[in-house]
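The values are calculated or read from the model by the stated rules, or taken from the named source; none is laboratory data. Just so it is clear, the structure is predicted and the values come from calculations on it, not from any experiment. Don't worry about glycine lacking a Cβ; one is built from the backbone with ideal geometry, like all the others, and counts go over all protein chains shown. Ligands, DNA and RNA are excluded from the accessible area calculation, which covers all protein heavy atoms including side chains. Shrake-Rupley method; radii C 1.70, N 1.55, O 1.52, S 1.80 Å.
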Amino acid sequence: MTSQERTTPPAPQYAERSYRSPAALVGGVLLLLLALWLGGDALIRGTGQTRLTAVFALLLVVPLVIAFTLRPLVRAGEDRLTIRNPFRTIVLPWDAVEDLRASFSTEVFAGGGKYQLWAVPVSLRQRKKASRQAMRGAASTRPRFGPNADAGGPVPRAMADQTLDELREIKERAARREGAQGEPVVRWAYEVIAPSVVGAVGLAVMIVL
């Protein structure tokens, strides 16, 4: 290799980021423990029909609790955004992502569709708190002079808004990467839907009987 030859430096690698709702995780675990306690008690002490009713109730309740509390996840990789909602998993190459917004819920627009990010809930209480902190910080700021006159502390942001800011940064980095090209892919979570349907039908039959 001559001195005039140059090697192209490898593209920087960024760690994959995952986002969940801590409150949903805690609530989901508590609800599962409650359902298993009540269902287990009915299975141990109940009669034949009571036990069967408890089985169908657990088949209905447990998957739904998992779907709405433990399952939601947002995973941001170098090339694509994976959204795991209660009943669907959406895989979006970054090139297909058109916009990310947070009003009363966090949403991503891609491929002409709109998808909600269940794992990133919007808290109006957090937004109001961040707004009050920003106003207090602005009111307490005194005029300064010199090279650091415009320097100030970070502006408080609600958790959902911070998350979307990070996702937008990842999207900008992946804007022209070849691996970030493609179309949205949506898959239904049949592992959640199937047992819930069986439990609902069985529970309805037991109630009628």
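Placing a label point 7 Å from the Cα of residue 16 along the Cα-to-Cβ direction, the residues of region 80-118 whose backbone N falls under 12 Å from that point are 80-83.
Put 37, 94, 188, 118 in order of accessible area, highest first, and with a 1.4 Å probe you get 37, 188, 118, 94. A simple spin-label model places pseudo-atoms 7 Å from Cα toward Cβ; at residue 177 and residue 49 they are separated by 6.0 nm. Here the simple spin-label model places points 7 Å from the Cα toward Cβ, and for residue 26 and residue 168 these points are separated by 3.0 nm. The listed residues 171, 114, once ranked by accessible area (1.4 Å probe) with the largest placed first, stand as 114, 171. Taking label positions 7 Å along the Cα-Cβ direction at both residue 82 and residue 33, the computed distance is 2.9 nm, reported to one decimal.
Note on region 52-119: Rg/Rh from Cα positions, Kirkwood definition for Rh, rounded to two decimals, is 1.13. Residues whose amide H falls under 5 Å from that of residue 110, counting only those 5 or more places apart or on a different chain, are 98, 115, with hydrogens built in the peptide plane. In order along region 202-209, the Karplus-derived 3J(HN,Hα) couplings, from 6.51 cos²θ - 1.76 cosθ + 1.60 at θ = phi - 60°, round to x, 5, 5, 5, 5, 5, 5, 5 Hz, and Gly and Pro are given as x.
Taking all protein chains together and rolling a 1.4 Å probe, residue 88 ends up with roughly 70 Å² accessible. With every protein chain left in place, what is the accessible area of residue 183 in Å² (1.4 Å probe, nearest 10)? For residue 183, the solvent-accessible surface is approximately 140 Å².
The stretch between residue 89 and residue 187, if pulled fully straight at 0.36 nm per residue, gains 34.8 nm over its current Cα-Cα span.
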